[in-house]
Structure formats: structure tokens, C-alpha cells
1. Being within 16 Å of the ligand (Cβ to nearest atom) and at negative phi is the filter here, so list the residues in region 27-66 that pass it.
2. Run residue 9 past the list (1) without any contact (Cβ under 8 Å) to a residue 12 or more places away in the chain; (2) under 22 Å from residue 341 (Cα atoms) and report the number of the one that doesn't hold.
3. Just a yes or no: is a residue in region 25-42 surrounded by fewer than 11 Cβ atoms within 10 Å (Cβ to Cβ) and in a helix (DSSP H, G or I)?
4. Kindly indicate whether residue 302 is touching a strand residue (DSSP E or B) at 6+ places or on another chain (Cβ under 7 Å), closer than 23 Å to residue 137 by Cα, at pLDDT 95 or above and part of a helix (DSSP H, G or I).
5. In region 279-297, which residues are more than 21 Å from the chain's Cα centre (by Cα), in contact (Cβ under 8 Å) with a residue 40 or more places away in the chain and in a loop (DSSP other than H, G, I, E, B)?
6. Can you tell me which residue is nearest to the ligand (Cβ to nearest atom) among those in region 188-237 that are more than 17 Å from residue 79 (Cα to Cα) and surrounded by fewer than 17 Cβ atoms within 10 Å (Cβ to Cβ)?
7. Enumerate the strands (runs of 3 or more DSSP E) found wholly within region 67-143, keeping only those where 3 or more residues are within 14 Å of the ligand (Cβ to nearest atom) and within 18 Å of the chain's Cα centre (by Cα).
8. Between a first residue in region 202-230 that is within 18 Å of residue 297 (Cβ to Cβ) and a second residue that is within 8 Å of the ligand (Cβ to nearest atom) and in a loop (DSSP other than H, G, I, E, B), which pairs have beta carbons less than 6 Å apart while being 6 or more apart in sequence or on different chains?
Ligand SMILES: *Cc1c(COP(=O)(O)O)cnc(C)c1O
């Protein structure tokens, strides 16, 4: 533009200072950068899904409350009695609804860091202040530091990704519960990776008035669908629901998600394959000279190279494998999503030849 003064006068300074969320070009590459499930559905299941979509009423607005889908989600994920679920266009939208509702002047959102970047980004979008509290050795929660930070900043919400992204670990369960107990505001336990972890706070919802549990279908094979879930007391959800745009879950998503929930055995089978591969990739990474990998309860592994990460990231890309470069936040570190056995082999052999060749 010739004259930027309109933008400088009108756009909020914290928005001008942001960089747009960057998604790297992946065409032709083995895509192990974004925690996607690598498996397609078996052909008969795909045919049955298309059949279910055939009569989806695209000429009508979707059910704004997605009642049938929500009922099925409460049942399948065994939401405790008296708890409800709010749906978002991905859990990113749910984070946005929560923060929009909490964004009073001066309000703070908090999370242990490094963690999922959207908590920080969306807090900024809504005008909240984000406070990150560094994790301790091997990415364990630093409970004394969190206690001090909660006392100093009185966060309206604390986000705990459990397992955490990008580190892959499950924080100590007792410490998470302590934070829920002691937090001055809401605590959102983000269980985006629950399918790979076998642990949940969902059954504790009724015990704590300030606890919400968030999940997503994205990491279970439906990243393209965009469906996030927020489980909690109906009184909380009713407030967030006021900020939700009325038809945020499309007809196609509602039909497809109900179909997927009727075939959860297939999604679970895929998650089990990914967990087996995760252990194999972890052992192979650990065997590489000078490389440190952290145990993961998710569908990805964080590892630190003996030297700089960016040149290795680039050489992997040239060898046809895209992983996530975390050099900016965690020096020397890359994050690899678990793919099919063939994809993992391609990644491991490329990495091996870069490090030893
Ligand atoms: C991937 C991820 C999400 C986002 O999920 P969507 O439902 O795809 O928006 C949320 N939380 C964490 C910790 C994640 O890693």
C-alpha cells in the first residue's frame, strides 16, 4: 500500500505486531509436522460414510445446537452425569470463546511453557495478557513457580495441555489436581491427545467448579473436519455459548462426526497402531548418537539433536520429510509426528544418514 497511516491508526498495535500463523508448504513431502493421523478409513467404511452424507440437507442451516451429535459425544466419551459439552470449529474456536468471555480489562491467561501456541496467540487477539510459566527439568510442571505466578497474576484461566504439546509428556496428575484446587480462576485441561494417553480428568468434572476438559477429533483422524469439544458444567458452557456464532458446526461435520463415533473401534485401532509405532520410533531415536528424545504420551516425539536443528530440518525436507522445527523455542529441537511404519522408516533412515553420513 502507498500510505499505511490508516492501518497504523486503526489496527490495534498488538495485532500489527503479530505474525500470521504460518503453515509450511508440504506438497510432495512425507508430512510428519502437524500431528495428523496418517491412516485413511477402510474402503467399506468410506463407502458407508458417503452413503450417510448422501441425504445430508445442505440446503438447510445445521441444527444450531447440534443436539444429536452432542448427545452422542456425552455418551461415547462418558461425560459425568450433569455435565454438558459445547462444540467448536476445532478446539481452537473453543479457546477463543473461553478467552473472549474472560477478557475483562487486565485479565490474564496463564500456561506452563513451552506449550500449545494458540493459548498465547488467542489471548493476545482478545486483548488479554498471557503469562507463561517455564516448565522445569524434562518439562515437568514447576509447581512452586506456578503457585507464585498464580498468586502474583491471579489468572482468569490456566491452560494445561495434558499431554503437553510440543513436549509430549503427561504432567504429574497430582500436580495438575493441585493446580485445579488452588487456581483463583478456571483451569482448562486440554486433552487433545487423550487417544494416545489413556488418562483423563473428565471423570473429575463434578468435583471441581472451576474445571473444564477440552478434547478434539483432530488428532484421531479427523483434522480436516474441525470438531472440538468442551466438557463442563452447563452454567459455564451457557456463558461461552452466547459468544458462539450460531451455525459453527456445519451439516457435513455433524453427519460425519456422528458417523465416525459409530465407528470408534476403527479410530481406536488406528490410535493403537500409532502408539506401537511411537515406541519403535522412540527406541530408534534414542539409539542415534548424541540425540536425546523425550518419552511421549501423544502421537509425536520431541527430540534434541547434538547440534543446530535448522540445518537438519532443512536436510530432512530435501530428503522428502517434513517435521516441525522448534529451534526458536527449544534450541536444537525437532518434533516428529508418528506416521505409518513406512513413513517412520523413511524419516529414521533420512535422519540417520544426515547424522552419521
Ligand atoms: C492440536 C492441538 C489442539 C487443536 O486442535 P483443533 O481441534 O484441531 O483446533 C488443541 N490443543 C492442543 C494441545 C493441540 O496440540
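1. At the first step, the residues of region 27-66 found to be within 16 Å of the ligand (Cβ to nearest atom) are 31-38, 66.
Listed by number, the residues that qualify are 31, 32, 33, 34, 36, 37, 38.
2. (2)
3. Step one: filter region 25-42 for residues surrounded by fewer than 11 Cβ atoms within 10 Å (Cβ to Cβ), giving 25, 27-28, 40.
Now narrow it down to the ones that are in a helix (DSSP H, G or I): none.
No: zero hits.
4. Working: touching a strand residue (DSSP E or B) at 6+ places or on another chain (Cβ under 7 Å): yes; closer than 23 Å to residue 137 by Cα: yes; at pLDDT 95 or above: yes; part of a helix (DSSP H, G or I): no.
No: the conditions fail for residue 302.
5. 288, 289, 290, 291, listed by residue number.
6. 223
7. Details: elements: 84-88, 108-113, 129-134.
Result: 84-88, 108-113.
8. Listed pairs, sorted by first residue: 216/192; 219/35; 219/192; 219/193.
The values are calculated or read from the model by the stated rules, or taken from the named source; none is laboratory data. The structure displayed is predicted, hence computed values, not measured ones. When we count neighbours, we look across all protein chains shown, and the Cβ atoms used for this are built from the backbone with ideal geometry, even at glycine.
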